[in-house]
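Peer 1: This structure is in structure tokens; I'll ask about it shortly.
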Amino acid sequence: MTTPQERIAELTKGMLRKRLYAVISKGSGRTELIQSLLPEHLQYMIGLERAGILFASGPLGAGDGAAIGDGLTILNVDSLEHARTLAAIDPFVRSGARSFSVREWTLMEGRINVSLSFSSKSLEVG
């Protein structure tokens, strides 16, 4: 009979264990400010994506205590300090439209399906 620790070790031995950083952004509720800064914010996020350090990003939906402008960004950088620096220069944060916190996150399991069709030059992510 195996112990719980041995079973956990067995189940997780092949997992990714990729260290990433989650930026949890809290909107100020100032809808007009959020909307006016959205193009600049999107341009900033696209720049991070092109630099290869943005893993995923997007707005959070309505829920308990949600505010306009809440969001989640996952960064693939080398340190918590680097993630904080990048979060602090987001146009939403610089303007006061958002505040943020950063937490280290270890990606263990999950799946992304990608379908590439050569004949139609199409790509589907699902």
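Please treat every number below as a calculation from the coordinates, not as lab data. Since the structure is predicted, the reported quantities are computational estimates derived from the model, not experimental observations. Glycine gets a Cβ as well: all are built from the backbone with ideal geometry, and neighbour counts include every protein chain shown.
Peer 1: Pairs of Cα atoms under 8 Å, at least six residues apart: use those to get the relative contact order of the chain, whole percent.
Peer 2: Taking the mean separation of contacting Cα pairs over the length of the chain, I get 36 percent.
Peer 1: Sticking with this one: How much FRET efficiency would the formula 1/(1 + (r/R0)^6) give for LEU16 and SER79, where r is the Cβ-Cβ distance and R0 is 25 Å, rounded to 0.05?
Peer 2: Details: r = 19 Å, r/R0 = 0.76.
My answer for the efficiency is 0.85.
Peer 1: Given a Förster radius of 25 Å and the C-beta distance between LYS26 and LEU116 as r, what FRET efficiency does 1/(1 + (r/R0)^6) yield to the nearest 0.05? Could the numbers behind the result be given before it?
Peer 2: On the way: r = 38 Å, r/R0 = 1.50.
Computed FRET efficiency for LYS26 and LEU116: 0.10.
Peer 1: So how far apart, in nm, are the two label points at LEU123 and GLU6 if each is 7 Å from Cα heading toward Cβ?
Peer 2: Using points 7 Å along Cα→Cβ, the separation is 4.6 nm.
Peer 1: Tell me, in nm to one decimal, what length is gained between ARG94 and LEU38 on full extension, where the rule is 0.36 nm per residue of separation less the Cα-Cα distance?
Peer 2: On the way: separation 56, 0.36 × 56 = 20.16 nm, distance 1.28 nm.
Residue separation times 0.36 nm, minus the Cα-Cα distance, leaves 18.9 nm.
Peer 1: Further question: The list [x] 31, 22, 15; [y] 37, 15, 10; [z] 40, 16, 9 gives values of semi-axes √(5λ) of the Cα gyration tensor in Å, and only one came from this structure; which label was calculated from it?
Peer 2: Recomputing semi-axes √(5λ) of the Cα gyration tensor in Å here gives the entry labelled [x].
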